[in-house]
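Below is one structure; the comments refer to it alone.
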Amino acid sequence: MHEVDMTRALLLAMEGWRQSHTPQVPRVGTVHLQVGAFTCVEPDQLVFTWQAAIRNSWLEGAELAIEPVALLGRCLRCSATYAPEPERGYRSPCCEHPMEEIVQGRELRISSVDYHLPQPGTATASLGAVGQSPPVTTPPFPASALRP
């Protein structure tokens with residue numbers, strides 16, 4: 001199951017991110033993930049493996065929000081950018097040349113994380129509890145953050 005490996009890579013990236021906040025442990029609300037159409041990842045299965053993997057961990061309760069990224073190819077013969085169709089063999093619609101370059105659609109990356117940092121000496125029982133910082137959204141993670 002490809003999604004199990006992707007979930008492991010996602011958890012490793014999140015663990016590295018968490019360590020950058022030591023000694024505090026961020027309370028994560030949502031992890032926003034871009035998933036390209038050409039990654040062979042089933043979003044529903046990825047959410048399922050995510051939910052199973054975060055049980056009883058510092059990420060328990062965090063949601064995985066998946067943003068699909070459409071497949072776009074570029075024809076090197078005519079320079080057209082197009083949405084390849086499997087029925088057409090992914091060929092360029094203008095000249096029928098085979099797709100040689102993928103412009104987008106292979107992404108599997110964390111685009112942002114919604115989280116709270118607990119204030120020192122306060123409980124961290126739930127997001128939005130009194131004494132916690134306001135919600136924060138991270139900037140995009142580096143493209144290399146998710147590699148199985």
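The values are calculated or read from the model by the stated rules, or taken from the named source; none is laboratory data. Quick caveat: nothing in here was measured; it's all calculated off a predicted structure. Don't worry about glycine lacking a Cβ; one is built from the backbone with ideal geometry, like all the others, and counts go over all protein chains shown.
On the given criteria, is His21 closer than 19 Å to Tyr115 by Cα and either over 15 Å from the mean Cα position of the chain (by Cα) or assigned to a loop (DSSP other than H, G, I, E, B) (or both)?
Against the criterion (closer than 19 Å to Tyr115 by Cα and either over 15 Å from the mean Cα position of the chain (by Cα) or assigned to a loop (DSSP other than H, G, I, E, B) (or both)), His21 qualifies.
Please work out which residue is modelled with the lowest pLDDT, limiting yourself to segment 122-148 and to residues that are among the polar types (S, T, N, Q) and outside any loop (DSSP other than H, G, I, E, B).
Taking the candidates together, the pick is Gln132.
Starting from residues that are touching a residue at least 60 places away in the same chain (Cβ under 8 Å) and not hydrophobic (A, V, I, L, M, F, W, C), keep the ones in segment 62-114 and report whichever is surrounded by the most Cβ atoms within 10 Å (Cβ to Cβ).
Per the stated criteria, the residue is Arg109.
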